Amino acid sequence: MFEYFLTNKELKKIELYKYILFSKEGKTKKEIILAFPEINQSTGTRYLKELIEDLFSCTYGEVILKEAFSGKFYVAFNEETTYTADFTIDQLRYFYIEKNQLFLLLRTLVNSNFETIEQLSQETNMSMPNLYRSLAVLNTILKNFDVKICLEDPSNFTGNEFGIRYFFYLVYGGIFRTTTDTPFRKNFPTELLTIEKLKEQLDISKELSKSQENRVRLIYGISAWRMLYRKKSLNVDEKMLEDIQFFYNGKPLLHSEYSLKSRKILENESIMLSFFIQGLIYEVYSFEQRKKIVEKYCASKLTISKQAEYILFELSHLFEFCYTDKNYIESYYLLILGLIFQKHLNLIVDPIYENSLTKNRQVFEKNQLLKESLPKLEKFLAQYIDFSNKDEIEKDYILFFYYQIINLNKAVQPINIFIENTNNIIHAYTIKNKLLNVFNPTLLNFVTEPSKAYLLISNTYEGHFPNSERFYFNNIYDSKNWQTLFHFISTKIYSKL
């Protein structure tokens, strides 16, 4: 998504900043150039100079990119600052985006009304050719949401109302993140977005993180904005309302004093709001609350409930795994959300995500277990889904969703590890104990015969075992030795997921 609102140069500067930020001891210019071979030395020097100024500006001098006497670049935080590393990344990104012409055009279209293209041109200070090009880019993005820009509509957008709101959520949520509490117009009623009031209405009893709070506000605010200022409401299908009924607690979220809509429309909007908040924000409710929702579905006679139960049953047999009680609840909850989105909304907007499946399709080629599972999974799902009218991205997205449910439950084959150390017998015990403290014990299986090991950890040659991986571990007092070992094993475990 960010490539629409950031130049290649700005994207690269953000990558440079993250590379320096997360280095423990800083990085020299030579190390930076080697890590980014697409940047030559003069360009790298210029980018670093600009980054120093950009970071100072967007954090008001509380976070500074410095060059030490050693020649290493590092990030220094003011002792009294509340800025954290992750926040500075969002802040730097927004610092660039807020100046972007395409983003300025989008915000103008969201916040204001225009009767003619000439008025829009004057408001945005864009030439007509440039404006038409930018509108074409926005319409290309909006097409994924079944939406288009239309100045004849008082809201400047026409099409699928859910698509409009979902687009605003993804773009505004992705861009603003936690840099601002409310990315709406200043005259928007702030009492609507008081987080404690929203939590009470939604029966959210658990503590929420900053990003969770902001996304609750954002989803609620977009719906209220569309109704209050744009006089738009969702055209809700009765069958969808039936399928999502257990996500609603019965408490009205939108009230007549903020809208001229009928009581029925406000109730439907409240039901949809509850569903979207739970369907788009991870663990906004506690496990106990999610469990109660699942129990209501299981006790119902809804077709979608029976379908979810059957799919979960068949997946466990087809891919040979068993559910734990907790994982069954989580799998059912996730699946019922997916079935509702696929059945009633059916918007595949993967390309707009920051880390989209579209950009990471190589995962299908590198993960052997995934490659082996997909044909069998596709054959099974064909009884529910007509893949013949799906493009490759849409099909991959659906398959990957169901694969994640399998992956949530299928036990990872543990790594067989043989440990030996010639220094001292206690050293071998120490290595084993440290690994058990760091990793889930179910992922490691310690063997006493080297021929049965997938991984040999030793400080000397242990024999010829061509099918085994080897890790040379000499000094238990060397922290770098431990870090390298943990990283090595993590990589091997990940390859089996």
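The values are calculated or read from the model by the stated rules, or taken from the named source; none is laboratory data. Values in this document were obtained by computation on a predicted structure and should not be read as measured data. Note that each Cβ is placed from the backbone with ideal geometry, even for glycine, and that neighbours are counted across all protein chains shown.
General remarks:
- Residue tally, condition in contact with a helix residue (DSSP H, G or I) (Cβ under 8 Å, 6 or more places away or on another chain), assigned to a helix (DSSP H, G or I) and free of Cβ contacts under 8 Å to residues at least 60 places away in the same chain, over the range 82-117: 8
- Unique residue being assigned by TED's automatic domain parsing to the domain that holds ILE164 and surrounded by 12 or more Cβ atoms within 10 Å (Cβ to Cβ) when the list is LEU228, LEU318: LEU228
- For the range 32-80, the set of residues classified as out of contact with any Phe, Trp or Tyr (no Cβ under 9 Å at 6 or more places or on another chain) and either among the charged types (D, E, K, R) or outside the structural domain of GLU15 (by TED's automatic domain parsing) (or both) consists of GLU38, ARG46, LYS49, GLU50, GLU53, LYS72, GLU79, GLU80, listed by residue number.
- Tally of residues being part of a loop (DSSP other than H, G, I, E, B) and within 37 Å of the chain's Cα centre (by Cα) across the range 445-466: 2
- Filter result (in a helix (DSSP H, G or I) and in contact with a strand residue (DSSP E or B) (Cβ under 9 Å, 6 or more places away or on another chain)) within the range 20-52: ILE20, LEU21, LYS29, GLU31, ILE32, ALA35, LEU48, LEU51, ILE52
- Test: residue in the range 208-229 that is closer than 23 Å to SER305 by Cβ, touching a Lys or Arg at 6+ places or on another chain (Cβ under 9 Å) and touching a residue at least 24 places away in the same chain (Cβ under 8 Å): no
- Only one of ILE457, ILE493 that is modelled with pLDDT under 90, closer than 29 Å to LEU369 by Cα and surrounded by 15 or more Cβ atoms within 10 Å (Cβ to Cβ): ILE493
- When SER305 is tested against the conditions (1) more than 25 Å from the chain's Cα centre (by Cα); (2) at positive phi, the lone failure is (2).
- Boolean, LYS395 is modelled with pLDDT of 80 or more, part of a helix (DSSP H, G or I), crowded, with 17+ Cβ neighbours inside 10 Å and not small (Gly, Ala, Ser): yes
The rows are residues; the columns are (1) over 25 Å from the mean Cα position of the chain (by Cα); (2) hydrophobic (A, V, I, L, M, F, W, C); (3) assigned to a strand (DSSP E or B).
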site	(1), (2), (3)
LEU369	no, yes, no
PHE380	yes, yes, no
TYR402	no, no, no
ALA411	no, yes, no
THR422	yes, no, no
TYR429	yes, no, no
ASN437	yes, no, no
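- Evaluated against (1) closer than 17 Å to TYR494 by Cβ; (2) surrounded by fewer than 17 Cβ atoms within 10 Å (Cβ to Cβ); (3) not basic (Lys, Arg), TYR403 falls short on exactly one condition, (2).
- Condition check for TYR17: in contact with a Cys (Cβ under 9 Å, 6 or more places away or on another chain), buried (at least 18 other Cβ atoms within 10 Å of the Cβ) and either not assigned by TED's automatic domain parsing to the domain that holds TYR166 or not in a helix (DSSP H, G or I) (or both): no
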